[in-house]
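The values are calculated or read from the model by the stated rules, or taken from the named source; none is laboratory data. The structure displayed is predicted, hence computed values, not measured ones. As a convention, Cβ positions derive from the backbone with ideal geometry for all residues, glycine included, and neighbour counts pool all protein chains shown.
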Amino acid sequence: MSLFRFIKSKVFFIQIGIAIAGIFLFVFLLQWWLGFTTNHDQKIKVPDLTKMSLADVEQKLNELNLEYIVIDSASFNPNYPGKSVIEQLPEAGDFVKEKRKIYLTLNPSKYRNITIPDLNGRTKRQAMSQLQSIGFKIGEFSYIPDIGKDVVRGLEHENKKLKPGQKLPKNSIIDLILGDGKPK
C-alpha cells in the first residue's frame, strides 16, 4: 500500500480522530488535576506584619496557615522596635495560598558597632568628613594648646577619651579635641 492510499484510507482518519480525542481528554484531565492540586480558587489576604515581634508574627501566620522566613536584618531604624519586622514580601494586602512563605526583613536591636579610625594629626575637616562617612555624628570642639591649628589631637565620647580601634555604635556623637594654633 502506498503512502498516498494510506492517507486517503478510513483507517488513517480513524487514527487521527483517536489522536485528537486523546489530546482533548489529556488537556481536560490536566486542567482538572491542576485546579484540584493548586487550590486555584483559594485566597488568603497577607496581614500587615510591620512593627510586630517574631512571636506575634508566628502566632498571626499560624492562624492563617502561612509560614515565614527571616531573610535579612536591615540597618537599625529607630522608628521601629528592636527585632521587629521592617519589610515583608509579599506585601500586606496581597493574596496568597495556604502554606506559602512570607519573607521578612527585621530591624536589629541596636546600631552596629563601628571601629574608631586613627585621626590624630588630621585636619578638623578631614576628621569630620571621615567620621561622618562611616556613620558617626560630630559633637563639640574643644581646644588644647598646640602649634597645629584645627589639627586633631584626640577624640571623646561622653567625656571619655577614645583610642583608635575602639568600637562605638553607629550614630554616636564624637567630640573632637583640636589644637588651637598657638605655641606653648
- Query: Of all the residues that make up the range 123-155, how many are touching a Gly at 6+ places or on another chain (Cβ under 9 Å) and not hydroxyl-bearing (Ser, Thr, Tyr)?
  - Reply: 10
- Which fully enclosed strands (runs of 3 or more DSSP E) of the range 111-159 have 2 or more residues being loosely packed, with under 15 Cβ neighbours inside 10 Å? 113-115, 137-144
- Answer yes or no: is there a residue in the range 56-69 that is among the β-branched types (Val, Ile, Thr) and touching a residue at least 40 places away in the same chain (Cβ under 8 Å). yes
- Index of the failed condition, Leu168 passing every other in (1) in the same structural domain as Gln59 (by TED's automatic domain parsing); (2) of a type in the set (A, V, I, L, M, F, W, C); (3) surrounded by 15 or more Cβ atoms within 10 Å (Cβ to Cβ); (4) in contact (Cβ under 8 Å) with a residue 40 or more places away in the chain: (1)
- Within the range 91-109, can one find any residue that is in a loop (DSSP other than H, G, I, E, B) and closer than 14 Å to Pro169 by Cβ? yes
- Message: Just to be sure I understand, how many residues within the range 6-56 are hydroxyl-bearing (Ser, Thr, Tyr), surrounded by 11 or more Cβ atoms within 10 Å (Cβ to Cβ) and within 30 Å of Pro90 (Cβ to Cβ)?
- Response: 2
- Task: Taking the residues in the range 56-81 that are hydrophobic (A, V, I, L, M, F, W, C) and assigned to a loop (DSSP other than H, G, I, E, B) as candidates, determine which candidate is farthest from Gln42 (Cα to Cα).
- Result: Phe76
- Item | Per-region count, the range 1-50, residues under 30 Å from Tyr68 (Cβ atoms) and either in contact with a Gly (Cβ under 6 Å, 6 or more places away or on another chain) or outside any helix (DSSP H, G or I) (or both) | 13
